Amino acid sequence: MKKISDSAEKKNNSIRMIIKRFKRHKLAVASLYFLIFITILAVFAPLIVPYDPNQVSTSFSQPPSAKHWLGTDQIGRDMFSRLLYATRISLFVGFAATVISTIIGVVLGLVAGYFGGIADTVIMRITDTIMSFPYILLVLVAAAIFEPGLWNIILILGFVDWPGAARLVRGNVLSLRESNFVKGSIVAGMPSRHILFSEILPNTVGPVLVYATSVFAISILDEAALSFLGMGVQPPQASLGNILNGAESITVLTGKLWLWVPAGLMIILLVISINFVGDALRDAIDPSAKEDRI
Amino acid sequence: MNNTDSKKFSFNGKFQENQHINPLIIVEGLKKFYPVKGQVLGRNKPVIHAVDGVDLEIYEGETLGIVGESGCGKSTVGRQIVALERPTSGRILYRGEDISHMPVSKLRKIRTDLQMVFQDSTSSLNPRKQVYEILAAPMLYHKTVKKENIDNEIDRLLDLVGLPKAMKYRYPHEFSGGQRQRIGIAKALSLNPKVIVCDEPVSALDVSVQAQILNLLKELQEELKLTYVFIAHGLGAVRYISNRIAIMYLGRIVEIADTKELFENPVHPYTKALFDASPLPVPTLRDRKRIILKGEIPSAISPPQGCRFHTRCPYALESCTTNDPMLLPVKPGSSHKVACPVLLAKGENHD
């Protein structure tokens, strides 16, 4: 029993080490707090918002006031409520798309890298093919073919974003496969599944996690772009992109800043802070980083 | 083969009497070619002749040193012996069974007998795993140790390689190079192997640690009746640990003999050059007559015809460029074999 707790303590130590190294990046820490704050707001939006985001009222296009913190839009919906709901949707789309694309990428990358041969050739040529299309065009065409909507957007982004992860994992697996500890496992007669999932996979988690953060940020941007173009999340459901869509008219753009500045700022802040966190994570997660030895 | 037999030749110099015993491992006509990368088109793809016809016998309880410069194929031979790769042709017999063409499922059971210690101790341990996990996984998979005894077994292994038990929950990067190599040895020992191929196990360590590891390997050999194949490019370590030494050049064995015999009476010009190239701590010998090799080791993609060494050999004759030399005993019945008919003939004349 004592030994097990010993081991658990050691595990905690390595996590504590990662946290310690992460904390060195002040911007990333601030970004993380911001993300957590926004995520909590977004998740608990239904409990927080003062109005139903789709409830029209007679106060059209009101500037921010004590009653409507971020004003109202042309049909009298409360912009603060809409912003929180939009953030909720955008975060969800980004997260779900990232999970899908990362899983696909990791599985295909592992197979291609470890088994090589025909599997490798086929998977990597498909990867190259997808990567050779202009990304946003591919997404747009896919969105046009399938009906635009929340789940379709998630699936489209998820199925278009995986090649990067697949390449990353494949490259990692190729170098890990040549490492002595994998050879040692082969010499020890360990089965492929052990080598793949117990020796190789844990060593790719770090880079994949870092890559996933950037995919997360990109997915949020893509969802915004698609919704802005009308191919994404459909009104009346609010998303950061289709709120910006309302700023297409010059009068809104110049005269009614409260209708689009908060959504635009939210996108910028989300993407920047996710990227900061990803950067710090990359530095923190490397177990052999020597600097913290002191 | 019983224990008294193997005891007889676990010490230097006592090996000669045991030539009649069946070898533990027989390497027969081993060849390993690697395709040159980047060549997609073309019918005759160039290949690297990493190992080009090696015959070896390894006896139970001995340490066979394999020496040669970088790229001579010594590590490749080691990898074939532990069945990490399949040879291009030839075969390797372990206790009479051909392990180089065995199906994977059958090979898996034999693998526990043949383990390897790697040169780069950093990359030979999974950086994401604690020593405990590294050592436990193979034993649990092969069920050589019961789950409830695994703690004791790991303590025993760490004790065996001279590491404190408390270190088992550390990660590899928390150790020094020498300690990591000890863990690498413990990992190799965990499956109770009969043969350990040590692929330059001390080359990456500094001299004082080298000595510790070599002594550890020697002690373990006596204690556990291990057979070593010790691959190195430094003569000092090999001389210290080996009963027999094989000298390799460009994928071939050019000379093989008992350690003492080889160092006292090297015959092959390459062996001599190798010995002459290593510095001696004796100032008076500074001006000794030495064979100094000129030029580079030829390309392994198109090795020279005839004797591989003729392009750099000071004794080369016309015949060397065409006749492929065989490994022949220096004297009839001797275990000292050389692949140099020119110097063999000379030596006979002197006698």
I'm trying to understand the selection: among the residues of region B:192-216, which are closer than 24 Å to residue B:129 by Cα and either within 11 Å of chain A (Cβ to nearest Cβ) or of a type in the set (Gly, Ala, Ser) (or both)? B:193, B:196, B:197, B:199, B:204
Being within 16 Å of residue B:279 (Cβ to Cβ) and in a helix (DSSP H, G or I) is the filter here; which residues of region B:212-237 pass it? B:235, B:236, B:237
Flag if residue B:191 is touching a His at 6+ places or on another chain (Cβ under 7 Å) and either more than 28 Å from residue B:68 (Cα to Cα) or surrounded by fewer than 19 Cβ atoms within 10 Å (Cβ to Cβ) (or both): yes
Can you go through A:129, A:121, A:87 and tell me which one is touching a residue at least 12 places away in the same chain (Cβ under 8 Å) and polar (S, T, N, Q)? A:87
What number of residues within region B:97-133 are crowded, with 16+ Cβ neighbours inside 10 Å, closer than 21 Å to residue B:227 by Cα and of a type in the set (Lys, Arg)? 2
If you take the residues in region B:250-277 that are among the aromatic types (Phe, Trp, Tyr) and surrounded by fewer than 23 Cβ atoms within 10 Å (Cβ to Cβ), which one is modelled with the lowest pLDDT? B:275
Determine which single condition residue B:289 fails, assuming it passes every other condition in (1) surrounded by 11 or more Cβ atoms within 10 Å (Cβ to Cβ); (2) closer than 24 Å to residue B:259 by Cβ. (1)
Picking from B:160, B:189, B:125, B:140, the residue that is more than 9 Å from every other protein chain (Cβ to nearest Cβ), within 27 Å of residue B:64 (Cβ to Cβ) and out of contact with any strand residue (DSSP E or B) (no Cβ under 9 Å at 6 or more places or on another chain) would be B:160
Quick one: in region A:216-251, which of the residues that are polar (S, T, N, Q) and buried (at least 24 other Cβ atoms within 10 Å of the Cβ) is nearest to the other protein chains (Cβ to nearest Cβ)? A:219
Among residues of region A:18-72, those that are buried (at least 17 other Cβ atoms within 10 Å of the Cβ), of a type in the set (Val, Ile, Thr) and part of a helix (DSSP H, G or I), counted: 2
For region B:134-158, give me each residue that is among the hydrophobic types (A, V, I, L, M, F, W, C) and either in contact (Cβ under 8 Å) with a residue 12 or more places away in the chain or buried (at least 17 other Cβ atoms within 10 Å of the Cβ) (or both). B:134, B:135, B:136, B:137, B:139, B:145, B:150, B:154, B:157, B:158
Among the candidates A:75, A:136, A:145, single out the residue that is touching a residue at least 40 places away in the same chain (Cβ under 8 Å), hydrophobic (A, V, I, L, M, F, W, C) and surrounded by fewer than 16 Cβ atoms within 10 Å (Cβ to Cβ). A:136
Please determine, by comparing only the residues of region B:87-122 that are away from chain A (no Cβ under 11 Å) and of a type in the set (Gly, Ala, Ser), which one is farthest from residue B:52 (Cα to Cα). B:96
Does any residue in region B:286-300 that is more than 11 Å from residue B:314 (Cβ to Cβ) come within less than 6 Å, Cβ to Cβ, of a residue that is among the basic types (Lys, Arg) six or more places away or on a different chain, and which pairs are these? B:295/B:312
If you take the residues in region B:313-328 that are of a type in the set (A, V, I, L, M) and farther than 21 Å from residue B:51 by Cα, which one is surrounded by the most Cβ atoms within 10 Å (Cβ to Cβ)? B:316
Could you list all residues from region B:172-196 that are in contact with a Ser or Thr (Cβ under 9 Å, 6 or more places away or on another chain) and either charged (D, E, K, R) or not in a helix (DSSP H, G or I) (or both)? B:175, B:180, B:182, B:187, B:190, B:191, B:192, B:193, B:194, B:195, B:196
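Tell me, yes or no, whether region A:122-131 has at least one residue that is within 22 Å of residue A:242 (Cβ to Cβ) and of a type outside the set (D, E, K, R). Steps first, answer last, please.
In the first step, residues of region A:122-131 are kept if they are within 22 Å of residue A:242 (Cβ to Cβ); the result is none.
For region A:122-131, residues within 22 Å of residue A:242 (Cβ to Cβ) and of a type outside the set (D, E, K, R): absent.
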Consider region B:163-186. How many of its residues are at the interface with chain A (Cβ under 10 Å from one of its Cβ atoms) and under 17 Å from residue A:188 (Cβ atoms)? 2
For region A:176-201, what are the residues that are polar (S, T, N, Q) and either over 15 Å from residue B:129 (Cβ atoms) or touching a Ser or Thr at 6+ places or on another chain (Cβ under 6 Å) (or both)? A:179, A:180, A:192
Checked against (1) in contact with a helix residue (DSSP H, G or I) (Cβ under 8 Å, 6 or more places away or on another chain); (2) of a type outside the set (A, V, I, L, M); (3) in contact (Cβ under 8 Å) with a residue 12 or more places away in the chain, residue A:152 satisfies every condition except (3)
Among helices (runs of 4 or more DSSP H) entirely within region A:118-215, at least 1 residues that are within 14 Å of another protein chain (Cβ to nearest Cβ) occur in A:162-177, A:180-187
In region A:190-240, anything closer than 18 Å to residue A:153 by Cα, in contact with a Phe, Trp or Tyr (Cβ under 9 Å, 6 or more places away or on another chain) and not hydrophobic (A, V, I, L, M, F, W, C) is listed as A:219, A:222, A:237, A:239
If you go through region B:289-308 one residue at a time, do you hit one that is more than 26 Å from residue B:48 (Cα to Cα) and not in a loop (DSSP other than H, G, I, E, B)? no
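Quick grid of which residues meet (1) touching a Cys at 6+ places or on another chain (Cβ under 8 Å); (2) at pLDDT below 85; (3) under 26 Å from residue B:52 (Cα atoms):
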{"position": "B:279", "(1), (2), (3)": "no, yes, no"}
{"position": "B:284", "(1), (2), (3)": "no, yes, no"}
{"position": "B:290", "(1), (2), (3)": "no, yes, no"}
{"position": "B:311", "(1), (2), (3)": "no, no, yes"}
{"position": "B:330", "(1), (2), (3)": "no, no, yes"}
{"position": "B:333", "(1), (2), (3)": "no, yes, yes"}
{"position": "B:337", "(1), (2), (3)": "no, no, yes"}
{"position": "B:340", "(1), (2), (3)": "yes, no, yes"}
{"position": "B:343", "(1), (2), (3)": "no, yes, yes"}
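The values are calculated or read from the model by the stated rules, or taken from the named source; none is laboratory data. These figures come from a predicted structure and were not determined experimentally. Glycine also receives a Cβ, built like all others from the backbone with ideal geometry; neighbour counts cover every protein chain displayed.
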